[in-house]
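The values are calculated or read from the model by the stated rules, or taken from the named source; none is laboratory data. Quantities reported herein were computed from a predicted structural model and do not represent experimental measurements. All Cβ positions, even for glycine, are placed from backbone atoms using ideal geometry, and neighbour counts span all protein chains on display. With ligands, DNA and RNA removed, areas are computed over all heavy atoms of the protein, side chains included. Shrake-Rupley method; radii C 1.70, N 1.55, O 1.52, S 1.80 Å.
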Amino acid sequence: MQEISIGSKIKSHLNDERVKDAVVVKSKILEKATCFLRSNGFIELLPTMISPITDPLNHETFSTSINYYDQTYKLTQSMIFHKQLAVTVYEKIFIVSPNVRFETLEKSETGKHLFEFTQIDLEIRNATRETIMSLLEDLFVYVIKEVCSVCTNELDTLNSTVSVPIRPFQKISFMEAQKQYSKDFEKKLSEDLSEPAWLIDIPIWDREFYDKLSDDGETLKDMDLIWPHGFGEGLSGGEREFDYIQIMNRLNGKERQIEELAWYLRIAEEGTLVPSAGCGFGVERFTRYLCNLDHVKFTRLFPKIPGMLSI
């Protein structure tokens, strides 16, 4: 009975007109975004799917590891460390990067979480946060304009009224948003926005050790992009910490992470890492916003929803 039920759900999803239209839009997003990056001098790298280390993240997920010939690998939760190493070779890089994050069950209700999703990751050597924000504003304006031009039928069917945003995007500090909307402010802030906006100056306690500390010693040179109309966060990034002493200071008291990151820390100690900045934006979340969907599951033919059996 369970197999019949699962099969019926899969068939229903595959035949859902929202899914059919959204996948077309997502395909165009990928085409236009990667075209934009290539035309701006970026080198495309292939994704790293498993590695001895991956992003520890700043929220709870189930740990994933694979033992292979007495070596332990983890599924890639993000390519942050690989991006830092890649820009020692190339000035500008990007990856259409599949990510696997086994999120907890309550994330299935947010409308914006899958446990298998795709980011477009990018990194630039010697860049600042402001460099990345300006670049991404150009990218989103270009992609949205192109998608609105070539996917009019799909967007009309989906009742999307998305418009091309005006640059520069508004900048809002994390602490100002928290003061105005209380602790869990992202959804309320997003609902009040009519245009995409940057959330900047993230407190040190809200992010990981690889994010660069500002001169005030309390905030990070980070940013999130918040999509308007309640669609929430769609991008995270910022400047990276590359100095070994600063990295170790940030890892103080995190012995487990120090052990797991041993080879990365040795590279940092040798002075191999360079100043850089970058970000990753969720392709499914961007598609959800453009298509006016209430859940990212409609952006994929085979969505992986937290806590649910998914093919």
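Summary of computed values
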| item | result |
| --- | --- |
| Options Ile43, Ile6: the member that is out of contact with any Cys (no Cβ under 8 Å at 6 or more places or on another chain), over 22 Å from Leu136 (Cβ atoms) and β-branched (Val, Ile, Thr) | Ile6 |
| Any hit, segment 175-183, residues being outside any helix (DSSP H, G or I), of a type outside the set (Gly, Ala, Ser) and modelled with pLDDT under 95 | yes |
| Residue satisfying all of: in segment 266-311; part of a loop (DSSP other than H, G, I, E, B) and small (Gly, Ala, Ser); nearest to His113 (Cα to Cα) among these | Gly307 |
| Index of the failed condition, Ile29 passing every other in (1) free of Cβ contacts under 8 Å to residues at least 60 places away in the same chain; (2) of a type in the set (A, V, I, L, M); (3) more than 26 Å from Asp243 (Cβ to Cβ) | (1) |
| Odd one out for Glu60 among (1) at positive phi; (2) touching a residue at least 24 places away in the same chain (Cβ under 8 Å) | (1) |
| Considering residues of segment 2-30 that are among the β-branched types (Val, Ile, Thr), at pLDDT 95 or above and closer than 17 Å to Lys304 by Cβ only, the residue surrounded by the fewest Cβ atoms within 10 Å (Cβ to Cβ) | Val23 |
| Residue list for segment 108-126, restricted to those being open to solvent by less than 40 Å² (accessible area, probe 1.4 Å) and not in a loop (DSSP other than H, G, I, E, B) | Ser108, Phe117, Thr118, Gln119, Ile120, Asp121, Leu122, Glu123, Ile124 |
| Ile10 vs. criteria touching a residue at least 24 places away in the same chain (Cβ under 8 Å), part of a helix (DSSP H, G or I) and under 17 Å from the mean Cα position of the chain (by Cα) | no |
| Residue satisfying all of: in segment 151-174; outside any loop (DSSP other than H, G, I, E, B) and within 23 Å of the chain's Cα centre (by Cα); nearest to Tyr289 (Cα to Cα) among these | Gln170 |
| Any pair with Cβ under 6 angstrom, 6 or more apart, that starts in segment 265-279 at a residue that is open to solvent by 10 Å² or more (accessible area, probe 1.4 Å) and ends at one that is among the basic types (Lys, Arg) | Val274/Arg125 |
| Within segment 210-245, considering residues that are over 20 Å from Met79 (Cα atoms), not in a strand (DSSP E or B) and not small (Gly, Ala, Ser), the one most open to solvent (accessible area, probe 1.4 Å) | Asp215 |
| Scope segment 94-112; condition farther than 20 Å from Gln84 by Cβ and of a type outside the set (A, V, I, L, M, F, W, C); matching residues | Glu103, Thr104, Glu106, Lys107, Ser108, Glu109, Thr110, Gly111, Lys112 |
